[in-house]
Amino acid sequence: MSDPEHPDPVQVRRAYKFRAYPTRPQEGRAVRLLADHCDLYNAALMERREAWRMRRVSVSYGAQSAQLKEIRRADPDGQGCHSFTAQQQTLRRLNTVFAAFFDRVRAADKVGRKQPGYPRFKPYQRFGQVLFVAGDGAKWQPSGSGRWARAAFQAVGSVKVRQHREVRGTVKALRLKREYRRWYVIVITETEPVPLPAAGRSVGVDVGVARFLTSSDGEIVANPRFLAASAQVIADLERRKARARPGSGNRKRLRRAVAREWRAVRNRHRDFHHKTARALVDQCDAIALEKLNIESMTRKPAAKPDPDRPGSFLPNGAAAKAGLSKSILDAAWYQFTCILVSKAEEAGRRVVFVNPAGTSINCHQCGRRCERLQQKTVTCPVHGAMDADVNGAINIASRAGLGSGQATTAA
Ligand SMILES: [Zn+2]
């Protein structure tokens, strides 16, 4: 008999990103692989675009996938030499882009807003990755004692990979990825969740600008210090780069320095997020958070989120320093949430998202609207001044049905 409250443990998906070191000839073939997949992507986009323009109909993934055989036969030295299932993944990727586009069209229709922009063709430089099904056109060989790991890709070869951590679970897919001049292999696995013993603690968590997070039982995690320092360094480098002569060696060096600094920020941040999420998941049976407004987050012009790694940024060269810290924080929160959810799933812990409306301003004891004259403190007309973040966290906890707050019943 199956218990609907506790369905069979679902598989937990994990992704491990490793730096890859293709040889010169392999790199040439990998570039060719990306270009061919980019052509396929753009051709499929063209078909969808025409169908939409002429007849306002959408072409399905299935209809496009059914044409692959023909496309491969017609181009034996090009499309024909690549992995069939990897090509399907590229068509799926386009399908996802279109599903999101149609969602935006429907949303815009509903409120009478301007129609969203149609999905665009990708230039070769912007098409940086191909997803392979493991065991079909791609193979992962983990590193043994002191040896390199290897990832073999059809039409590229067996590429050396620096495997810096253990890969757990069954390897399901491999992604070959180019970022600027570096290559990476992303190993995607599935594992059975390993439930942790009950911890007896459940919390609401409030995220702030002043502090990284505050729990409903009063635990505070400060913002990491490296944040402000990095924003300063990046802003300085950007300013110097802007002054350097276009096309000069100096400008090129500065551009690389900016990219390096961003990479360092991302890595330090990810580390911090993993540690913080680990601690929460180890200590809490259930964790409540505010539901994020991703849409308003991605609409911000200053930031340029990397679609493959939520929460990380590509250097966009034009970020003003004031906006920079803020957008790093927003993105950081998103990344932290993703990491927390994945760790919680793996450990059989519960994460609950609640509607954020009013959580930061209403009193957790009586639900009355508080005054917030300072960032740190809210003042209830009945219960007086209290820590704004703790109050918010308690409201989040009670909205999720955790903890003892009374925020739902306004007197
Ligand atoms: Zn009150």
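Taking 0.36 nm per residue of separation and subtracting the Cα-Cα distance, what length does fully extending ALA43 through SER60 add? Kindly include the intermediate steps, with their values, before the conclusion.
On the way: separation 17, 0.36 × 17 = 6.12 nm, distance 1.41 nm.
Extending this stretch completely gives an extra 4.7 nm.
Per residue, the chain reaches -14000 deg cm²/dmol at 222 nm when only DSSP H runs of four or more residues are counted, each adding -39500 (n - 2.57). Using r as the Cβ-Cβ distance of LYS252 and HIS383, and R0 as 60 Å, what FRET efficiency do you calculate, to the nearest 0.05? Step by step, r from the Cβ atoms, then E = 0.50. Restricting the trypsin sites (Lys or Arg not before Pro) of region 65-157 to loop positions (DSSP other than H, G, I, E, B) with no more than 16 neighbouring Cβ atoms within 10 Å leaves ARG113, LYS114, ARG120, ARG147. By DSSP, the beta bridges lying fully in the chain are antiparallel in about 85 percent of cases. Which of MET386, MET54, MET46 moves the most in a Gaussian network model of the chain with Cα springs under 10 Å? Largest GNM mean-square fluctuation: MET54.
List the trypsin sites (Lys or Arg not before Pro) within region 222-265 that DSSP assigns to loop and that have no more than 15 neighbouring Cβ atoms inside 10 Å.
Values: sites: ARG225, ARG239, ARG240, LYS241, ARG243, ARG251, LYS252, ARG253, ARG255, ARG256, ARG260, ARG263; in loops: ARG225.
In loop regions of region 222-265 (DSSP not H, G, I, E or B), the sparsely surrounded trypsin sites (Lys or Arg not before Pro) are ARG225.
Of the trypsin sites (Lys or Arg not before Pro) in region 20-64, the ones in a loop by DSSP (not H, G, I, E or B) with at most 13 other beta carbons within 10 Å are ARG56.
3J(HN,Hα) along region 172-182, derived from phi through the Karplus expression 6.51 cos²θ - 1.76 cosθ + 1.60 where θ = phi - 60°, amounts to 9, 8, 10, 10, 9, 9, 10, 10, 6, 9, 9 Hz, with x in place of Gly and Pro.
Could you please report the charge total around CYS363, scoring K, R as +1 and D, E as -1 over all other residues with beta-carbon less than 13 angstrom from its beta-carbon? Walk me through the intermediate numbers first.
Values: positive: ARG368, ARG369, ARG372; negative: GLU371, ASP387.
Taking every other residue near CYS363 into account, the sum is +1.
Here the label points at ARG113 and GLN375, each 7 Å from Cα along the C-beta direction, are separated by 2.9 nm in the simple model.
At a 10 angstrom cut-off on C-beta neighbours, averaged per residue, how do the peptides 15-21, 344-350 rank from highest to lowest?
Numbers: 15-21: 16.9, 344-350: 19.3.
Top to bottom by mean Cβ count within 10 Å: 344-350, 15-21.
Would you report the distance distribution of C-alpha pairs in region 99-227 as whole percents per 5 angstrom bin, up to the bin with the largest distance? Per 5 Å bin, starting at 0, the Cα pair percentages come out as 2, 8, 11, 10, 9, 9, 14, 16, 13, 6, 1, 0, 0. Taking the charge dipole of the chain about its Cα centre, with +1 at Lys and Arg Cβ atoms and -1 at Asp and Glu Cβ atoms, the residue from ASN355, ALA74, GLY112 reaching farthest to the positive side is ALA74. Overall, the ratio between the Cα radius of gyration of the chain and 2.2 N^0.38 Å, rounded to two decimals, is 1.12. Relative to the longest principal axis of the Cα atoms of the chain, the long axis of helix 249-283 lies at roughly 50 degrees. Considering region 66-150, its Cα convex hull presents a mean projected area of 9.2 nm².
In the structure shown, do any of LYS17/LYS177; LYS139/LYS172; LYS122/LYS172; LYS110/LYS291; LYS139/LYS177 have a Cα-Cα gap over 20 Å, and if so which? List each step's numbers first, then the result.
On the way: LYS17/LYS177 10 Å; LYS139/LYS172 10 Å; LYS122/LYS172 27 Å; LYS110/LYS291 22 Å; LYS139/LYS177 15 Å.
Among LYS17/LYS177; LYS139/LYS172; LYS122/LYS172; LYS110/LYS291; LYS139/LYS177, the Cα-Cα distance tops 20 Å for LYS122/LYS172; LYS110/LYS291.
For region 87-93, backbone phi angles converted through the Karplus equation (6.51, -1.76, 1.60; θ = phi - 60°) give residue-by-residue couplings of 5, 4, 5, 5, 5, 5, 4 Hz, Gly and Pro being listed as x.
Coordinate-derived values only; no laboratory data. Here the structure is a predicted model, which means the values were calculated and not measured. In this analysis, Cβ positions are derived from the backbone assuming ideal geometry, glycine residues included, and neighbour counts consider all displayed protein chains.
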